[in-house]
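First comes the structure, then the notes that go with it.
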Amino acid sequence: MTGVGPELAALAGLLADETRAAMCLALLDKRAWTAGELAQLCGVARSTASEHISKLVAGKLLDERRQGRHRYVRLADDDVARLIETMSAHVRPAPVSGLRQHRASAALARGRTCYDHLAGRLGVAITDAMSARGLLRRDTGFALTGAGLDWFAVLEISLPSKEKRPLVRSCLDWTERRDHLAGPAAAHLCRAVLERGWAVRIGSQRAVRVTPLGLDELHRHLGVEPAEL
């Protein structure tokens, strides 16, 4: 076997375990989690969670930092987050069973964070509205128009001026099966939406809920109809 075959097989093996896959999905919220929190989420013993975390850190999928008695972990970088989200988009979710699981699944589908940007119906609705208003080009990949740059300025959302990467890119949404806005500009927009109270996190995972203020502001600035969300 030559080339990157062994390394690719090792990477696939890391994500082939259900517990490790669940950990990576949870960490798409971009927050740092403790081993205990991930253990509780996955329904495994803390010692088992620590073993899985060590494998993910060794495989360079996670970064860890120790602070006092706690061990915090997060996804290693944007590329790892993109890999996890892209792989999720190619998976057909199993039917949900039970009211609690159904509610959690529905909340994630309505709106969530995809690492550092908005996803679900919320993310797709914002992306479509930006396209319809001429703020976003989608003909040859995603790109902000001049009007799009002005729109961010009007909202007083600062964009990085020396960013080497494109300000926006597309990301395939695993629940909507359509592209939503990603990249540095999308990350700044997501941060503004949460900091300004247009949406709030719900539960302990990635789901977000648009607030009444957010419904008004998204309609005022983008023409997004509340019924879409």
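Since every read-out is calculated from the coordinates, none of them should be taken as a lab result. What you are looking at is a predicted structure, and each value in this text was computed from that prediction instead of being measured. Cβ coordinates were reconstructed from backbone atoms using ideal geometry, including for glycine residues, and neighbour counts include every protein chain displayed.
Rank-order 29-39, 119-129 by packing density, defined as the average count of other C-beta atoms within 10 Å over each peptide's residues, highest first.
In decreasing order of mean packing, 29-39, 119-129 become 119-129, 29-39.
Decide, for the range 4-88, between rounded, prolate and oblate: order the square roots of the alpha carbon gyration tensor eigenvalues as a ≥ b ≥ c, take rounded if a/c falls under 1.5, and otherwise choose prolate if a/b is larger than b/c, else oblate.
Since a/c reaches 1.5 and a/b is larger than b/c, the shape of the range 4-88 is classed as prolate.
Roughly how tilted is helix 5-16, in degrees to the nearest 10 and between 0 and 90, from the longest Cα axis of the chain?
80 degrees
When you count, for each residue, the other Cβ atoms within 10 Å and take the mean per peptide, how do 138-146, 167-175 rank with the highest first?
Highest-to-lowest ranking by the protection proxy: 167-175, 138-146.
At what distance in nm do the modelled label points of Leu11 and Arg209 sit from each other, each positioned 7 Å from its Cα along Cα→Cβ?
3.8 nm
At what distance in nm do the modelled label points of Asp79 and Val57 sit from each other, each positioned 7 Å from its Cα along Cα→Cβ?
Between Asp79 and Val57, the simple spin-label model gives 2.1 nm.
Rounding to the nearest 10 and keeping the result within 0 to 90°, find how far the Cα-based axis of helix 99-110 lies from the longest principal axis of the chain.
50 degrees
Rounded to the nearest 10 degrees, what's the angle between the helix 120-132 long axis and the longest principal axis of the chain, both from Cα atoms, 0 to 90?
30 degrees
Go from 0 up to the bin containing the longest alpha carbon distance in the range 98-228, width 5 Å each, and give me the % of pairs per bin.
Per 5 Å bin, starting at 0, the Cα pair percentages come out as 2, 10, 21, 25, 21, 12, 5, 2, 1, 0.
At 0.36 nm per residue, minus the direct Cα-Cα distance, what do Glu225 and Ser158 gain on full extension? Give it in nm, one decimal, please.
Between Glu225 and Ser158, full extension yields an extra 21.6 nm.
How much length is gained on full extension from Asp216 to Ala89, taking 0.36 nm per residue of separation minus their Cα-Cα distance?
Length difference between fully extended and current span is 42.7 nm.
Between [x] 67, 44, 38; [y] 50, 46, 39; [z] 43, 42, 38, which entry matches Cα extents along the principal axes in Å as derived from the coordinates of this structure?
Matching entry in [x] 67, 44, 38; [y] 50, 46, 39; [z] 43, 42, 38: [y].
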